[in-house]
Amino acid sequence: MALIKQALILGATAIAVSGAAAVGWGTYGPTKVPSIIAPIMAQDEPKEVVDEVWNIVQSQYVDATFNQTDWVAVRKDFLGRKYTNRKAAYEASREMLKKLNDPYTRFMDPDEYSNMKIDTTGELSGVGIQLAVDDKTKELTVVAPIEDSPAFRAGIQAKDVIIKIDNESTKGMDDKRAVQLIRGEVGSQVTLTVRRDKKELAFPITRDRIEIHPVKYRVQKAKGQNVGYIRLVQFSQPAIGEMEDAIRDLEKQDIQGYVLDLRSNPGGLLNASIDIARMFMDKGTIVSTVTRRGDQARKTANNSALTRKPMVVLVDGGSASASEILSGALQDNSRSKVIGTKTFGKGLVQAVLPLRSDNEQSAMAVTIAKYLTPSGRDINKLGIEPDVKVELTEQQRKSLSQDNKKIGTPADAQFAKAVQVLLSEKG
């Protein structure tokens, strides 16, 4: 059996940061992908792409019922068609995967796949938002704006529903079309009209290059004490090294404990969430993944914590996937209190698989497992409830988005509460 490279991702988006991926990617290890049904002997190469996509779902998809879809009948339908070129095969692959009604299982043409890999360079181009198609409403929803991006500075918020891109309605629009409309040349402008609490708001945004350094940290003075403040905006591969550097530096300083800020962090790589959890935990389960066959893999701490000082974690509705793994692990192991508002609620794992039949130019992401927190919680569509709930008012949100230097300071109400809890835990 051939080996296919795969990357395990935990992003909350179906893909979209104005033309670049919102989730990270990276090799997590090879996976055997057996052809459950012998491939039809295709007379043309484009059909082989469709067949490979079908076989990956057949062998790997998390739900053995394929979300109540007759997957064998789907194969007969799509491989009974003629495909004259690659583009036709790409569109058929998208159409086929839509039958699963899973926004996270998706086909990526060469441009989309290339855009996804851009994320490993730490630089994005566009307005800086993560998008997801809501499971129930099918509306384009903002998972989170990237901190200090054009969208963030304009005031776009997590959970905003994008109803128009410039003058085009997004009703029935998929994430691919939305990305095409939102992305563009640096310096050009796009207007996003969103629905927020029954109000319609229009945001003219100038596109720009967005450099992402996933970890920002400092010693923050609060209540007369020194607190180590770490803001993690994405679980990319560079985040692992940057987090280690941050903790080692802060440990040399006279800090009382840590506030780890995961607000508006949409997720990223599974291995990054595990490695970072190990920096704060000496023992205990971090996460368990469960496949459709019931196979369970458990990741644990390994006595390699870089700090044992008290800590609290900040989350909100934009904290998703890998953020939920980390906050859930720290919460369930009583390592940290979680402060803020309920998290996004994505408890699914995708593998990114380049397609051999297309010379690895295109790829697909397929949902292969669900994950559970250490206590066995399935948080998909439910999210993680904070230990201490702190809602920001509209005015407080606006103040932070207009001046992000206030984030992680006493002027930030959620941070202020986190410090109060942290110092009471220490005392």
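Laid out as a table, the results:
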| quantity | calculated |
| --- | --- |
| Modelled FRET efficiency - R0 30 Å, R81 with S59, Cβ distances, 0.05 increments | 0.85 |
| Cα-derived Rg over Rh, computed across the stretch 40-180 with Rh taken as Kirkwood radius | 1.02 |
| FRET efficiency, 1/(1 + (r/R0)^6) with R0 35 Å, evaluated for R196 and S375 via beta carbons | 0.55 |
| 13 Å beta-carbon shell around A305, net charge (K/R +1, D/E -1) | +2 |
| Projected label distance in nm at N226 and S304, using a 7 Å step from Cα toward the beta-carbon | 2.8 |
| Charge dipole (the chain, unit charges on Cβ, about Cα centre) - positive-most of A246, V227, N404 | V227 |
| Sites K136 and K405, calculated FRET efficiency, Cβ-Cβ separation with R0 45 Å, nearest 0.05 | 0.75 |
| Residue pairs, from the table K117/K176; K98/K138; K199/K406, whose Cα atoms sit over 20 Å apart | K199/K406 |
| Dimensionless Rg/Rh of the stretch 52-133 - Kirkwood Rh, Rg from C-alpha atoms | 1.03 |
| About the Cα centre, charge dipole magnitude for the chain (Lys/Arg +1, Asp/Glu -1 at Cβ), debye | 860 |
| Percent RCO, i.e. relative contact order, over the chain, from Cα pairs under 8 Å lying at least 6 residues apart | 18 |
| Segment E168-L382, length gained on full extension (0.36 nm per residue, minus Cα span) | 73.8 nm |
| Peptide ranges 287-295, 368-376, 354-362 listed from the most packed, as the mean C-beta count within 10 angstrom indicates | 368-376, 354-362, 287-295 |
| Highest-MSF residue in the chain out of D70, D332, D378 [GNM, Cα springs under 10 Å] | D70 |
| Rg/Rg_globular for the stretch 101-209, with Rg_globular taken as 2.2 N^0.38 Å and Rg from C-alpha atoms | 1.02 |
| Cut-off 17 Å, label 7 Å out along Cα→Cβ of S334, residues of the stretch 275-289 by amide N | 281-286 |
| Net charge of neighbours whose Cβ lies under 10 Å from the Cβ of R196, counting Lys and Arg as +1 and Asp and Glu as -1 | 0 |
| Residue with peak Gaussian network fluctuation, the chain [Cα springs, cutoff 10 Å], from A363, A246, A297 | A297 |
| Relative contact order %, the stretch 253-412, counting alpha carbon pairs below 8 Å whose residues are six or more apart | 23 |
| Choice from F203, F107, F235 with maximal GNM fluctuation in the chain (Cα, 10 Å cutoff) | F203 |
| Nearest-20 debye value, the stretch 76-145 charge dipole, Cβ charges on Lys, Arg, Asp, Glu | 500 |
| Cα centre as origin, Lys/Arg/Asp/Glu Cβ charges: the stretch 126-210 dipole, Debye | 180 |
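We did not get these values from a lab; they are worked out from the coordinates using the rules stated. Because the structure is predicted, anything quoted here is derived from the model rather than measured. Counting neighbours? That spans all protein chains shown, and the Cβs are built from the backbone with ideal geometry, glycine included.
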